[in-house]
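J.: Supplied in structure tokens, the structure appears directly below.
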Amino acid sequence: MLPQNHATVTTTTDSAENAARIAEALVDARFAACVQIDGPITSRYWWDGKVETAQEWRCTIKTRSQRLNDVSQAIRRVHPYAVPEIVVTFISNANDEYRRWVDEVTKD
């Protein structure tokens with residue numbers, strides 16, 4: 001198995017504007033090579049002891065594993081939620097050109 005040097009991070013937020021702020025913070029700092037925003041989506045979840053339903057926007061963040069701490073901290077800084085979703089999925093297989101691009105864009 002290849003080392004898991006690349007990952008996607010998923011977060012959701014309450015507006016297209018907040019999703020754009022998250023994407024801008026991550027891409028401009030080179031913590032992420034790309035942030036894709038999709039939505040609106042409908043989320044149903046437990047919060048404060050009751051079931052809520054909300055319209056949200058999802059950010060899918062492409063980065064290197066070495067940047068995960070930077071990504072997490074940046075999301076927490078600009079995210080409006082008290083408990084933001086920060087879910088990491090390691091990429092076990094991707095084409096070489098894509099990996100090189102992510103590496104180049106997210107250099108320290």
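The values are calculated or read from the model by the stated rules, or taken from the named source; none is laboratory data. Being a predicted model, the structure only gives us computed values, none of them experimental. So basically every Cβ, Gly included, is an ideal-geometry build from the backbone, and we count neighbours across all protein chains shown.
J.: Could you check segment 48-71 and list, in sequence order, the residues that are free of Cβ contacts under 8 Å to residues at least 12 places away in the same chain and either closer than 20 Å to Ala29 by Cβ or in contact with a strand residue (DSSP E or B) (Cβ under 9 Å, 6 or more places away or on another chain) (or both)?
T.: Val51, Glu52, Thr53, Asn69 - these are the residues of segment 48-71 that are free of Cβ contacts under 8 Å to residues at least 12 places away in the same chain and either closer than 20 Å to Ala29 by Cβ or in contact with a strand residue (DSSP E or B) (Cβ under 9 Å, 6 or more places away or on another chain) (or both).
J.: Can I ask one more? Asn93 fails exactly one of the following numbered conditions: (1) outside any loop (DSSP other than H, G, I, E, B); (2) polar (S, T, N, Q); (3) out of contact with any strand residue (DSSP E or B) (no Cβ under 6 Å at 6 or more places or on another chain). What is the number of that condition?
T.: Unmet condition: (1).
J.: Looking at segment 10-20, which of the residues that are in contact with a strand residue (DSSP E or B) (Cβ under 8 Å, 6 or more places away or on another chain) and outside any loop (DSSP other than H, G, I, E, B) is nearest to Arg99 (Cα to Cα)?
T.: Filtering first and then ranking leaves Thr10.
J.: Can you tell me which of Ala54, Ala7, Ala32, Ala23 is at pLDDT 95 or above, in a loop (DSSP other than H, G, I, E, B) and not β-branched (Val, Ile, Thr)?
T.: Checking each option against the conditions leaves just Ala32.
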